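Report on the following structure.
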Amino acid sequence: MNTIVEQQKETAQVITPSELLKHWQGHRSLTRRVIEAFPEEAFFNHSIGGMRTFAQLTMELLGIAGPGIQEIATGNTSDLKEHFDHDNSKAKILELWDRATEEINANWSQITIEKFQETIKIFGQYEGTVMSSIFYFIDNEIHHRGQGYVYLRSLGIEPPAFWER
C-alpha cells in the first residue's frame, strides 16, 4: 500500500496539460513565422552542407505533430508520413501547418492526465511514455527551427526573435 507521500509523488505535476499545450503552441507559432520568413524558392531549395531544405524539415514536423497527438488521443497507430503534396507552394505548407495546429488542439482534450505516463509505441516504432513522446515532438521542432534560423541568416534574412512565442 502506498503512503500518502508516495501517492503525492506519483500525482504531483509541475505543469498542467493546458500549460504544456500553450507552451508547445507558442513554439508552433514561432516556427510558423520562420516558415513565413523564407523566400518561396529558398524554402524549397536552400540548404547548407547537404542538410535537408526547410520545406523538407517542415514536412517532418507536419508528419509528427498532428498525427502523433491524434494517435496518442485515439490509440489508433498510423505510419509516420513525412512527405505531403504541396505543389512547391509555401502557402500550401502553411495551410497544412494551420490544419495540424487545429488537429493538435482538437485531440489534446482527449488525453487524460493519467495517460501522460502511459507507455506507447508512437507510429508503431518509437517506445516511450506519452509525455516523452510529446517532449520529443517539441524538442525536434525546436532543433529543426534552429536549422531554419541558420538558413535564414545565410540568406541575409533576420529570423523572428526566438523569445517571441
Next on the checklist: On C-alpha positions alone, give me the angle between the axis of helix 54-74 and the longest principal axis of the chain, in degrees, nearest 10.
Outcome noted: 20 degrees
Checklist outcome for this item: Stretched fully, the stretch from Tyr136 through Glu158 gains (0.36 nm per residue minus C-alpha distance, one decimal, in nm) 5.2 nm
Checklist entry - Sorted by accessible area (1.4 Å probe), largest first, how do Phe84, Phe123 line up? => result Phe84, Phe123
Checklist entry - Going from most exposed to least, what order do Leu21, Leu57 have by accessible area with a 1.4 Å probe? => result Leu21, Leu57
Checklist outcome for this item: With a 1.4 angstrom probe the carbon and sulfur portion of accessible area for the chain, in percent, totals 52 percent
Item to check | Anisotropy class of region 21-80 from Cα gyration tensor, a/c 1.5 cut | outcome: oblate
Item to check | Mean ellipticity per residue at 222 nm, deg cm²/dmol - from DSSP H runs of n ≥ 4 across the chain, formula -39500 (n - 2.57) | outcome: -20000 deg cm²/dmol
Checklist entry - To the nearest 10 Å², what's His27's accessible area with a 1.4 Å probe? => result 10 Å²
Checklist entry - Using a ≥ b ≥ c from the Cα gyration tensor of region 38-157 (square roots of the eigenvalues), is it rounded, prolate or oblate, where a/c under 1.5 gives rounded and otherwise the larger of a/b and b/c decides, a/b for prolate? => result prolate
Next on the checklist: At 1.4 Å probe radius, can you tell me the per residue accessible area of the chain in Å²?
Outcome noted: 56 Å²
Checklist outcome for this item: Out of Asn45, Asn140, Asn107, a Gaussian network model of the chain with alpha-carbon springs under 10 Å gives the largest mean-square fluctuation to Asn45
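The values are calculated or read from the model by the stated rules, or taken from the named source; none is laboratory data. For clarity, every value in this text was computed on a predicted model and none was experimentally measured. Please note that ligands, DNA and RNA were not included when accessible areas were found on the heavy atoms of the full protein model with its side chains. Shrake-Rupley method; radii C 1.70, N 1.55, O 1.52, S 1.80 Å.
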